[in-house]
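The values are calculated or read from the model by the stated rules, or taken from the named source; none is laboratory data. Nothing here was measured: the structure is a model prediction, and the numbers come from that model. With ideal geometry, Cβ positions are generated from the backbone for all residues, glycine too; neighbour counts draw on all protein chains shown. SASA here: full protein model, heavy atoms, side chains in, ligands and nucleic acids out. Shrake-Rupley method; radii C 1.70, N 1.55, O 1.52, S 1.80 Å.
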Amino acid sequence: MCVESDGCEIEGCSSSDEVQTLSGSMSPGLKSNSDPHPCRTGHKFRAALLRCRSPVAAAGILSFGNVLNYMDRYTVAGVLLDIQQHFGVSDSGAGLLQTVFICSFMVAAPIFGYLGDRFNRKVILGCGIFFWSAVTLSSSFITKEYYWLFVLSRGLVGIGESSYSSISPTIIGDLFTNNTRTMMLSVFYFAIPLGSGLGYILGSSAKHAAGDWHWALRVSPVLGMTAGTLIFFFVPEPKRGSADQLGGRLKARTPWICDMRALAKNRSYVFSSLASAAVSFATGAFGMWIPLYLFRAQVVQKSVVACDQEPCSIKDSLIFGAITCVTGFLGVIIGAAATRLCRLKTERADPLVCAVSMLGSAIFICLIFVAAKKSIVGAYICIFIGETLLFLNWAITADILMYVVIPTRRATAVALQSFTSHALGDAGSPYLIGLISDAIQQSYTESILWQFLSLGYALMLCPFVIVLGGMFFLATALFFLDDRDKAEKQLNQLTLSPSSVKV
């Protein structure tokens, strides 16, 4: 692909080449001219930058941005004990932070999905990452009298991060195809557990180094602005459907209402979205509450003392963060390898691998609450195995979507799936778990034992939701082949004429 740079002819472009402008719009190839328009220095510099772009580099930059998205999201969880002490809030009040974040995230997702299917995607990504970075930095200066403002700031951060999560997978989907796309999406979605784990580590380490938990919110914004700059300079805006070798031949774009109707009829998409909601429910609840649950377990076992004033112990956040990073890496690698191997045996490999991993994960997550009463090491072992199995399905679920949804509505599909998974998943799970915990211990407020047991009983809801998610993946497997074939037929119709498009 050649890149047009404000009238500058780029070496290697021919009249038949497809050209991309700096704004991301596509134009015909540059015609050769015996007297080409001379390029100014600034034009040559930008053209040189654009020539350095490669799909692999773009995927790497987008994955780096995704790491920062999730790192910022879980930095708050890494210092949750200190936030509770600083603002004087209960379990349900602390859970509200994540709930408000996810609610704003999911409400904004369909809007960014609509924009991502129709306008320049990398501009939306860059603006979104700069926005949440600025809001996160500002929130670190909020005083203890304004907890409501701190909660509101997390909602604004959710809007900024929603733009990134809704659109960036579709760019990768248009840069790669088949097994290469699966591998690149695996790298991209590895950022979820990696970023989450680094969030705990960053939050705890920054608090420990500075002696103040507010500094935990002042590191990721700097990295976020760096990622935004890299996106503007080095990430291309590929033609939608270009990886499917249809980028230059797509003749029609279906209306938004038509897209929504088609997605609602896509059974594989609907069931995989519901399964994603089950995963989000569990990861949202665990990400917020497991470090605190394990800390309370150690208080009950008298191996540590209760935290009465900040700064509180950072050990459990650091360990849980490290486990999340490692299990995320293993989950993505094992998931990609298992899917590739199972594809040799069955074309339904993607949803079946997800279903088996979900059902296996539920068993080990149940064992966490048994082990935590006697052995913290045993609980960590169960967390390690349970999370590894749970993280197997992140990239595979995205690949299922790429197979059963045509390129011109993928951003909308990703955004709607994000909305559904968060609305039914982690939008309410942290607050719900905190609410159940508060209700159980209401008569035993001063009892350390009941603070531990009540949170454990509330978290026991998660494995049942995970089993339900496994059932949804099995349902996806039933319809996967039919929906994939239907998407291929629709894609062929789009290359012919607008009048032939059916949904």
In Å, the Kirkwood hydrodynamic radius from C-alpha pairs for the stretch 103-151 sits at 12.7 Å
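Given 4 °C and 1.567 mPa s, how large is the Stokes-Einstein diffusion coefficient of the stretch 349-484 in µm²/s, with Rh as the Kirkwood radius over Cα pairs?
On the way: Rh = 16.8 Å.
Diffusion coefficient, whole number: 77 µm²/s.
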Given a Förster distance of 25 angstrom, what is the FRET efficiency for ARG261 paired with ILE111, based on the Cβ-Cβ distance and rounded to 0.05?
0.85
Evaluate E = 1/(1 + (r/R0)^6) for VAL370 and ALA57, where r is the Cβ-Cβ distance and R0 equals 45 Å; express this FRET efficiency to the nearest 0.05.
0.45
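Can you tally the net charge around ILE192? Count Lys and Arg as +1, Asp and Glu as -1, for every other residue whose Cβ sits under 14 Å from the Cβ of ILE192.
Values: positive: ARG73; negative: ASP72, GLU161, GLU387, ASP426.
Every neighbour counted, the sum reads -3.
With every protein chain present, what is the per residue accessible area of the stretch 311-418 (1.4 Å probe, Å²)?
Numbers: 3830 Å² over 108 residues.
Ligands and nucleic acids excluded, the result is 35 Å² per residue.
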Accessible area of the stretch 105-237 divided out per residue, in Å², using a probe of 1.4 angstrom:
34 Å²
Charges on Cβ only, +1 for Lys and Arg, -1 for Asp and Glu, centred on the Cα centroid of the stretch 51-161; of VAL56, CYS127, GLY93, which one is farthest towards the dipole's positive end?
VAL56
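When the accessible area of the stretch 59-213 is split by element with a 1.4 Å probe, what percent falls to carbon and sulfur? Don't jump to the answer; show the numbers that get you there.
On the way: 3290 of 4530 Å².
Using a 1.4 Å probe with all protein chains present, the stretch 59-213 comes out at 73 percent carbon and sulfur.
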Could you list, bin by bin from short to long, the percent of Cα-Cα pairs of the stretch 259-370 in 5 Å steps?
2, 9, 13, 18, 16, 13, 10, 7, 5, 4, 2, 0
